[in-house]
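The values are calculated or read from the model by the stated rules, or taken from the named source; none is laboratory data. Given the structure is predicted, the values throughout are model-derived calculations rather than measurements. Ideal geometry is used to build each Cβ from the backbone, glycine not excepted, and the neighbour counts take in all protein chains shown. For accessibility, only protein heavy atoms count, side chains too; no ligands or nucleic acids. Shrake-Rupley method; radii C 1.70, N 1.55, O 1.52, S 1.80 Å.
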Amino acid sequence: MRKNYNFAFLDEGSKREIRRAILKGVAIPGYQVPFASREMPIGRGWGTGGLQLTLSCIGPDDTLKVIDQGSDASVNAVSIRGLVRETTGVETTTVTQEATLIQSRHRIPEHPLTRDQLLVLQVPTPEPLRTYEARETVTKRLHAEAEYTGAYLELFEQIVRYGTTTTGADHPVMVEDRYVMAPSPIPRYDNARLNMAENLTLLGAGREKKIYAVPPYTHVASLAFDDYPFVTEEFEGARCHRCGATGVYLTQTVDPATGAQIWMCSDTDYCDQRVEAARAAATAQKGGDAR
């Protein structure tokens, strides 16, 4: 027997409470707003915070896209997309430009988002000060006082030991010159996409029970020093093996045919669109030659 659920799975009271937390997060960019994280039909740490944001914001006329590390076909993305579709009946897509709501883990899409799109990021560890201060009461006070010496000290120690900062994903950012924020485990390459973006970005941590936001046209800067500026991942001389793209975030994999190491676009939709555009151009070229 098929069980009927409320629209978007959550009860209306829960969605209202989450929306109130979202509004506070939008009003205070980068500030972590506590909320009563609900039990979800997926394990904590697998996107429960982002899923609750999506279910609280989605409407019948929305078009949903879910990606995991740039891929629409990963297990996490497919499972979340299926759950939202089954409990809302909304249209889903793999094309970034067609989506009105995008839930993502570990990546921001390569195609720039617009003011009509909402980006939801899944966050495992929302507290950027946790690595050097375990007590929640103390981190709250540090944020209140804008005391971020420890965050800069961590970067300084990395420079002393290794000659450069060694943070990978989740490099902390300063939001509107006020709050230091964990930008979700997106690569350093994607940090700049948060700065002065046209779209609203919501970040949810279900296990840690925190919601925070980056509103449109908000200044976001990666933590760095004047003499050791922030640098992103480098892919000098590398291009996508499939579509030939450069200047995008690439991941290294193995060619199943040859066993050689190759580079591929992390954003599979971006790669697919480039391949399709190349095919269309080749077809048009052949048609012109035939005439």
Give, in nm to one decimal, the length gained when the segment between Arg85 and Glu157 is fully stretched (0.36 nm per residue of separation minus the Cα-Cα distance).
21.3 nm
Can you work out the base-10 log of I(q)/I(0) for the stretch 22-174 at q = 0.08, 0.12, 0.20 1/Å, using the Debye formula on its C-alpha atoms alone?
-0.29, -0.63, -1.28
Give me the number: length gained by fully extending Glu98 to Tyr217, i.e. 0.36 nm times residue separation minus the C-alpha to C-alpha distance, one decimal in nm.
40.7 nm
For Met196 the rounded accessible area (nearest 10 Å², probe 1.4 Å, non-protein molecules ignored) is 90
Rounded to the nearest whole Å², what accessible area per residue is found for the stretch 38-113 with the 1.4 Å probe?
38
Just to confirm the filter: which trypsin sites (Lys or Arg not before Pro) across the stretch 108-184 are DSSP coil and have at most 15 other Cβ within 10 angstrom of their Cβ?
Arg115, Arg130, Arg135, Arg178
Of the stretch 133-151, those with amide N under 16 Å from the point 7 Å along the Cα→Cβ vector of Arg44 are 136
At q = 0.10, 0.11, 0.17 Å⁻¹, work out log10 I(q)/I(0) for the chain with the Debye formula, treating every Cα as an identical point scatterer and leaving solvent out; two decimals please.
-0.59, -0.70, -1.43
With r as the distance between the Cβ atoms of Phe225 and Leu23 and R0 = 30 Å, compute the FRET efficiency 1/(1 + (r/R0)^6) and round to 0.05.
0.30
Report relative contact order for the chain in percent, whole number only (criteria: Cα-Cα under 8 Å, sequence separation at least 6).
21
In the stretch 174-291, taking the dipole from +1 charges on Lys and Arg beta carbons and -1 charges on Asp and Glu beta carbons about the Cα centre, the listed residue (Ala238, Cys265, Ala282) farthest towards the positive end is Ala282
Find the all-direction average of the projected area of the Cα convex hull for the stretch 112-243, expressing the result in square nanometres with one decimal place.
10.0
